[in-house]
Amino acid sequence: MNKTDLVNNIATKSGLSKKDVESVLNSFLGEVTDALSSGGKVQLIGFGTFETRTRSGRTGRNPQTGQEIKIPASKVPAFKAGNKLKEAVK
């Protein structure tokens, strides 16, 4: 399912217009992005938690030359599923 499919499904089930649903979805995604970029997390009870994790620096290899390269530490977004979502998927 992509974003367009999601908007269409929500609009059909809720009776709202596609434009309104897309506006709400874009606002939600923007808020999650803002929270994660400022170091916070977004917790939706039962569904899951969006957070950032620190990936440590490490040594890798350039696949073309085989030369070792240093990969710097970075922050990456992560999602941890909640219990209700886990149960629904089983």
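The values are calculated or read from the model by the stated rules, or taken from the named source; none is laboratory data. Everything numeric here is computed off the predicted structure, so don't read it as measured data. Positions of Cβ are generated from backbone atoms using ideal geometry, with glycine treated the same way; all protein chains shown enter the neighbour counts. The protein model used for the area step is the full one, side chains on, heavy atoms only, and it has no ligands, DNA or RNA in it. Shrake-Rupley method; radii C 1.70, N 1.55, O 1.52, S 1.80 Å.
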### Query
Which residues, taken from the stretch 17-48, are out of contact with any Phe, Trp or Tyr (no Cβ under 7 Å at 6 or more places or on another chain) and among the charged types (D, E, K, R)?
18, 19, 20, 22, 31, 34
### Query
Is it true that some residue in the stretch 8-23 is under 26 Å from residue 89 (Cβ atoms) and in contact with a Leu (Cβ under 7 Å, 6 or more places away or on another chain)?
no
### Message
So, restricting to strands (runs of 3 or more DSSP E) that lie completely within the chain, which ones have at least 3 residues that are out of contact with any Ser or Thr (no Cβ under 7 Å at 6 or more places or on another chain) and open to solvent by 90 Å² or more (accessible area, probe 1.4 Å)?
### Response
58-61
